[in-house]
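To start, the structure itself, in structure tokens.
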Amino acid sequence: MKDHYGRKINYMRLSITDLCNLRCVYCMPEEGVEKRPHKKNLSFEEMIGLVNAGVGLGIDKIRLTGGEPLVRNGIVELVKEIAQIKGIKDLTMTTNGILLAKYAKDLKAAGLNRVNISLDTFAPEKYHKITRWGNVDDVFAGIEAAEEAGLKPIKINVVLINGFNDDEIETFVNYTRENKVDVRFIELMPLGQSPGFAENKYISNDEVLKRMPELKPIVQREKSSPAEYYRLPGAKGRIGLINPISKHFCKECNRIRVTTDGKIKPCLHSNQEIDVLALRKEGMTYEEILLKAIEEKPEKHHINENEKQLLRNMNEIGG
């Protein structure tokens, strides 16, 4: 399945809830979000319908996101149902890791392949501050449980924030010396709750290479990943740089996003959305809706060109 610009679209990010057990300052308001009636969100059956249609059109990678996907009731059963769909090569999840110690073994048994864990600091006090109440020890317990369950390779996602965690760049990079994980630095994006926050906190990922000049680029790049990968000499793990602000990777974008309330976003950095539930009521099939979304996928985003910033928070879109 290709769009108008020749990009092969094979990756669906499916947000299964906009609720979360944390309140990260760049992601959602302190008071959280109002819980919507179930009828205004996609049901598991509708999610399965979309995934089945997507696989029939060439989607072979599914990532479950939130909010925090592990707070959704029935998450293990949903993973099991999706994993049974023939044609899916990679079933993954992005999580804050808080509940992984509880669910990792069951998720692996249900068919989940691996996890990305969001972790912006190793420091307990700073973690509590950025998440507004989280305990970083819960995340470390989740990482350990994921390793024991075989949810590998584990990728740790670090949103780089000037004046908050840029003093931990060396710590995160050095973590890969003895740990077989990918630590991926992600540039802070001005989405929803975060534009005002991001205005003075943005820092380019170039800073990582300035601080750690011994990092060596890995020549072979993963086609399905926006990250540019590096490694310290002799290190067990890798460092990834994801640069949506300083370097567009739109020409290689292979994904679509589905929000909890049934909107397909052809581009993360655009207000454009295709309403699945409304179009279903008009009689369109899931296949027709997905093809419409792919047809409307823009060539690139315009986040650095004074485009009006998104009103949705990241927890609503899916990470």
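FYI, it's all coordinate maths here, none of it is from the lab. Not measured: the values here are computed from a predicted model. Because the Cβ atoms are built from the backbone with ideal geometry, glycine has one as well, and the counts that use them run over all protein chains shown.
Values for this structure:
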{"read-out": "Selected from Gly262, Asn200, Val79, residue furthest toward positive end of dipole (the chain; charges at beta carbon)", "value": "Val79"}
{"read-out": "Hz values of 3J(HN,Hα) by residue in the range 84-97 - Karplus curve (6.51, -1.76, 1.60), Gly and Pro given as x", "value": "7, 6, 5, x, 7, 8, 8, 10, 10, 8, 9, 9, 7, x"}
{"read-out": "Ranked list, fewest to most other Cβ atoms within 10 Å of each Cβ, for Thr259, Thr285", "value": "Thr285, Thr259"}
{"read-out": "Spin-label model distance (nm) - Asp90 vs Glu45, 7 Å beyond Cα toward Cβ", "value": "3.2 nm"}
{"read-out": "Order of Thr65, Thr121, Thr171 under a 10 Å beta carbon neighbour criterion, fewest first", "value": "Thr171, Thr121, Thr65"}
{"read-out": "Estimated [θ] at 222 nm from DSSP helical runs (n ≥ 4, -39500 (n - 2.57)) normalised by residues in the chain, nearest 500", "value": "-8500 deg cm²/dmol"}
{"read-out": "Net +/- balance of residues flanking Ile203 in space, Cβ distance below 10 Å, scoring K and R +1, D and E -1", "value": "-3"}
{"read-out": "Cys with no candidate disulfide partner in the chain (beta-carbon separation under 4.7 Å rule)", "value": "Cys20, Cys250, Cys253, Cys267"}
{"read-out": "Karplus 3J(HN,Hα) series, Hz, for the range 55-62 with 6.51 cos²θ - 1.76 cosθ + 1.60 (x for Gly, Pro)", "value": "4, x, 9, x, 5, 10, 10, 10"}
{"read-out": "Out-of-range pairs (alpha-carbon distance over 21 Å; input Lys129/Lys247; Lys210/Lys300; Lys126/Lys201; Lys80/Lys281)", "value": "Lys129/Lys247; Lys210/Lys300; Lys80/Lys281"}
{"read-out": "Expected-Rg normalisation [2.2 N^0.38 Å, Cα atoms] applied to the chain", "value": "0.95"}
{"read-out": "Share antiparallel - DSSP beta bridges, the chain, percent rounded to 5", "value": "25 percent"}
{"read-out": "Nitroxide proxy distance, nm - points 7 Å out along Cα→Cβ at Glu288 and Ile218", "value": "4.3 nm"}
{"read-out": "Estimated distance in nm for a label pair at Lys129 and Asn162, the labels positioned 7 Å out from Cα along Cα-to-Cβ", "value": "1.7 nm"}
